[in-house]
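The values are calculated or read from the model by the stated rules, or taken from the named source; none is laboratory data. Just so we're clear, the structure is a prediction, and the values are computed from it rather than from any experiment. Quick reminder, even Gly has a Cβ in these numbers, built from the backbone with ideal geometry, and neighbours come from all protein chains shown.
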Amino acid sequence: MEITFLGTGAGMPSKDRNVSAIILNLLQERNSLWLFDCGEATQHQILQTKIKPRKINKIFITHLHGDHIFGLPGFLSSRSFQGGEDPLTIYGPAGLKQFIDTCLNISETHLQYDIHIEEISEGTIFEDDTFIVQCKQLVHNLPSFAYKIIEKDLLGELNVEKLQSLGIKPGPIYRKIKESEQTILETGKVIYREDFIGPPKRGKMITIFGDTTYKDEHASFAKNSDVLVHEATFEADKEQLATNYFHSTTVQAAQIAKNANVNTLLLTHVSSRYLLEDMRILEKEAQDIFPNSYIAYDFYTFQIK
């Protein structure tokens, strides 16, 4: 599981940073990719990677500002041209369906796959055998959400030595034993998975915030996440400016990470007023509060271990 940033800028693109888009790579877990926000030119950013648009089967929109959604119509159309046939589900605030329907209808764009648009409110918005996705409304000048992706606990490791001690040799049978609660061997003997498997492994948890003003209570939603992705539009001494524009500073994002006891903080949505040579200063502001903080850049990939 890994996160790739396709756009890390705020408001409008710059020479160094495109606008918001993040890929959560779940190819190993479920043979799919999830996209969080889809700012202008997201499909162009994808062309610089090995990402296959047809593998993206879920899109989560944090809010409806242009730098987070203006890339959607182009991406949806290109996915169709590039062999995407599997259904696509798009989650986001009220108004998202109207935006997408209007763009597709006026441009007479005909997709070769079904799209399902789910306008969200706080709570659990998706759950299956392996993942849960929850959302929480933040504080912005229009509805903006955070998404928490929870991987359910994984089965423990097979006790190979114990199996071999019973004369069960390595092979396809091992997979069958792990995937089934009980297995009938060729000898007719019935064995039970629980007798040959170790304790479950904790699943990973990733929290991705949309644009927001700092609020202490936001930390509880990200509690104990392996990774928190949080906006850091402004430097530490621009706290009032951040408040005026419903955004956060580097230090405020770091304080959320610290209070939430996360493992890693990845900062994004950086204002175009800051140049490449400013990044170390901004990163250090966050690290002084929460040492395991890093400023993301376009095409940066972080592996979640």
Residue in the range 17-64 that is nearest to LEU275 (Cα to Cα), counting only those that are out of contact with any helix residue (DSSP H, G or I) (no Cβ under 6 Å at 6 or more places or on another chain) and acidic (Asp, Glu): GLU40
Checking VAL19 against (1) closer than 17 Å to PHE299 by Cα; (2) part of a strand (DSSP E or B), which test does it fail? (2)
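Identify the residue in the range 131-177 that is at pLDDT 95 or above and part of a loop (DSSP other than H, G, I, E, B) and, among all such residues, is nearest to ILE22 (Cα to Cα).
Just the residues of the range 131-177 that are at pLDDT 95 or above, to begin with: 131-152.
Filter again for part of a loop (DSSP other than H, G, I, E, B), leaving 138-144, 152.
On the way: LEU138: 19, VAL139: 21, HIS140: 20, ASN141: 22, LEU142: 21, PRO143: 19, SER144: 16, LYS152: 22 Å.
If we take residues in the range 131-177 being at pLDDT 95 or above and part of a loop (DSSP other than H, G, I, E, B), then SER144 is nearest to ILE22 (Cα to Cα).
Can you confirm whether the range 94-108 contains a residue that is assigned to a helix (DSSP H, G or I) and of a type in the set (Phe, Trp, Tyr)? Walk me through it before giving the result.
First, pick out the residues of the range 94-108 that are assigned to a helix (DSSP H, G or I): 96-106.
Next, from what is left, pick out any that are of a type in the set (Phe, Trp, Tyr): 99.
So far as the range 94-108 goes, yes, one or more of its residues are assigned to a helix (DSSP H, G or I) and of a type in the set (Phe, Trp, Tyr).
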Being among the charged types (D, E, K, R) and either closer than 24 Å to VAL139 by Cβ or in a loop (DSSP other than H, G, I, E, B) (or both) is the requirement here; does ARG54 meet it? no
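To keep it simple, each residue is scored yes or no on (1) of a type in the set (S, T, N, Q); (2) assigned by TED's automatic domain parsing to the domain that holds SER20; (3) surrounded by fewer than 23 Cβ atoms within 10 Å (Cβ to Cβ); (4) at pLDDT below 95.
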{"residue": "GLN255", "(1), (2), (3), (4)": "yes, yes, yes, no"}
{"residue": "LEU275", "(1), (2), (3), (4)": "no, yes, yes, yes"}
{"residue": "LYS284", "(1), (2), (3), (4)": "no, yes, yes, no"}
{"residue": "GLN287", "(1), (2), (3), (4)": "yes, yes, yes, no"}
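Look at GLU217 and say whether it is of a type in the set (Asp, Glu) and in contact with a strand residue (DSSP E or B) (Cβ under 8 Å, 6 or more places away or on another chain).
Numbers: of a type in the set (Asp, Glu): yes; in contact with a strand residue (DSSP E or B) (Cβ under 8 Å, 6 or more places away or on another chain): no.
Against the criterion (of a type in the set (Asp, Glu) and in contact with a strand residue (DSSP E or B) (Cβ under 8 Å, 6 or more places away or on another chain)), GLU217 does not qualify.
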Which one of these is at positive phi and at pLDDT 95 or above: GLU108, GLU127, GLU118? GLU108
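Could you tell me how many of the residues in the range 170-186 are in contact with a Lys or Arg (Cβ under 9 Å, 6 or more places away or on another chain) and exposed (fewer than 11 other Cβ atoms within 10 Å of the Cβ)?
Step one: filter the range 170-186 for residues in contact with a Lys or Arg (Cβ under 9 Å, 6 or more places away or on another chain), giving 177-183.
So of that shortlist, the ones also exposed (fewer than 11 other Cβ atoms within 10 Å of the Cβ) come out as 179, 181.
Of the residues in that region, 2 qualify.
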Cβ-Cβ under 7 Å, sequence separation 6+ or interchain: first residue in the range 170-191 and within 21 Å of GLY156 (Cα to Cα), partner of a type in the set (Ser, Thr, Tyr) and at pLDDT 85 or above. Which pairs? LYS176/THR183; ILE177/THR183; GLU181/TYR192; GLN182/TYR192; ILE191/THR183
Test each condition in (1) closer than 30 Å to GLU285 by Cα; (2) in contact (Cβ under 8 Å) with a residue 40 or more places away in the chain for GLY156 and report the one that comes out false. (1)
The residue from THR243, THR249, THR233, THR212 that alone is among the hydroxyl-bearing types (Ser, Thr, Tyr) and surrounded by fewer than 19 Cβ atoms within 10 Å (Cβ to Cβ) is THR243
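Considering only the range 120-130, I want to know if a residue exists there that is free of Cβ contacts under 8 Å to residues at least 24 places away in the same chain, β-branched (Val, Ile, Thr) and in the same structural domain as GLY66 (by TED's automatic domain parsing).
Of the range 120-130, the ones free of Cβ contacts under 8 Å to residues at least 24 places away in the same chain are 121-124, 127-129.
Filter again for β-branched (Val, Ile, Thr), leaving 124.
From what is left, the residues that are in the same structural domain as GLY66 (by TED's automatic domain parsing) are 124.
Yes, there is a match, as at least one residue in the range 120-130 is free of Cβ contacts under 8 Å to residues at least 24 places away in the same chain, β-branched (Val, Ile, Thr) and in the same structural domain as GLY66 (by TED's automatic domain parsing).
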How many residues, within the range 245-262, are assigned to a loop (DSSP other than H, G, I, E, B) and in contact with a helix residue (DSSP H, G or I) (Cβ under 9 Å, 6 or more places away or on another chain)? 4
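Does PHE75 satisfy the criteria of being in contact with a helix residue (DSSP H, G or I) (Cβ under 6 Å, 6 or more places away or on another chain) and assigned to a helix (DSSP H, G or I)?
The answer is yes for PHE75.
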Which of (1) of a type in the set (A, V, I, L, M, F, W, C); (2) over 21 Å from THR207 (Cα atoms); (3) surrounded by fewer than 24 Cβ atoms within 10 Å (Cβ to Cβ) does LEU72 not meet, given it meets every other one? (3)
Please go through the range 80-102 and give me each residue that is farther than 23 Å from LYS52 by Cβ and surrounded by 13 or more Cβ atoms within 10 Å (Cβ to Cβ), ordered by number. PRO93, GLY95, LEU96, LYS97, PHE99
